[in-house]
Amino acid sequence: MKNKFLSSIIILLSLFIFSCSGSNGAKLRYPVITKGQLSDTLTNDLQCSIIINGKDYTIPPDSITTAYTFSDSSLILTFKGVGSGRLVFTIPNIFKCPSPIATGYSSVRFKIAGSDEYSVEPTVDLYDYGMRGISFNNLNDGQHKNEASPGAADIISIQKIDENTTTNWAAYLVKGKIHTTVLKNVYESAAGEMNRDYTVNGSFVIHAKIYF
């Protein structure tokens with residue numbers, strides 16, 4: 001009996017040491033986002049408000065397009081009519097939502113040629129804002145790529161509202177909030193004062209049709 005008790009203690013200690021070394025010994029390259037309950041204060045009415053440096057833009061439903069990437073289950077939202085420009089928001093692996101969204105993500109689409117590495121890409125891009133041809137994103141300034149960090153946005157809910165198994169599509173109601181900063185771009189010096197950091201906030205309730 002005593003030997004069995006000692007054996008049990010040794011096994012438990014071993015498991016504890018192993019679990020601790022596994023979590024602290026290996027350095028995580030990108031932040032781990034913990035899925036949690038997100039408060040849903042939005043109605044089911046289609047809506048979108050994007051705020052750039054405090055300036056509010058109301059985006060009608062027909063100015064929002066969606067694209068689904070089958071290889072990594074990412075959903076790309078394009079909000080047109082943000083001033084003279086457009087905002088592109090990529091939701092990595094939409095079917096793991098609701099969840100927070102980080103400033104960057106990696107997937108099979110971004111394998112670096114000749115290596116086993118995958119690049120990290122931004123989740124929010126701002127194009128043509130204030131001047132045609134300029135662009136900004138929330139991960140790098142054109143010269144330095146930051147480490148991906150949490151807190152760029154939240155997908156609050158995703159609900160299937162329709163589907164057609166004959167033509168293989170499903171429609172979803174997607175609710176989310178954006179709260180990030182796109183960074184001044186070192187390659188956009190010709191933009192003068194328009195080349196700066198832009199804070200991006202907003203909320204949306206949209207329909208997305210996904211083909212399988």
Relative contact order of segment 78-182, pairs being alpha-carbon contacts under 8 Å that are 6 or more residues apart, as %: 27
Extension gain (nm, one decimal) between residue 84 and residue 193, 0.36 nm per residue minus Cα-Cα: 37.6 nm
Accessible heavy-atom area order of 162, 72, highest first, probe of 1.4 Å: 162, 72
Accessible surface of segment 115-212, 1.4 Å probe, proportion on carbon and sulfur as whole %: 45
Accessible surface, per residue, of segment 103-212 when the full set of protein chains is kept, probe 1.4 Å, Å²: 51
16 Å cut-off, amide nitrogen to a point 7 angstrom out along residue 45 Cα→Cβ, residues in segment 52-92: 58-62
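The values are calculated or read from the model by the stated rules, or taken from the named source; none is laboratory data. Worth saying up front: this structure is predicted, and the values here are computed from it rather than measured. Because the Cβ atoms are built from the backbone with ideal geometry, glycine has one as well, and the counts that use them run over all protein chains shown. Accessible surface areas use protein heavy atoms only, side chains included; no ligands, DNA or RNA. Shrake-Rupley method; radii C 1.70, N 1.55, O 1.52, S 1.80 Å.
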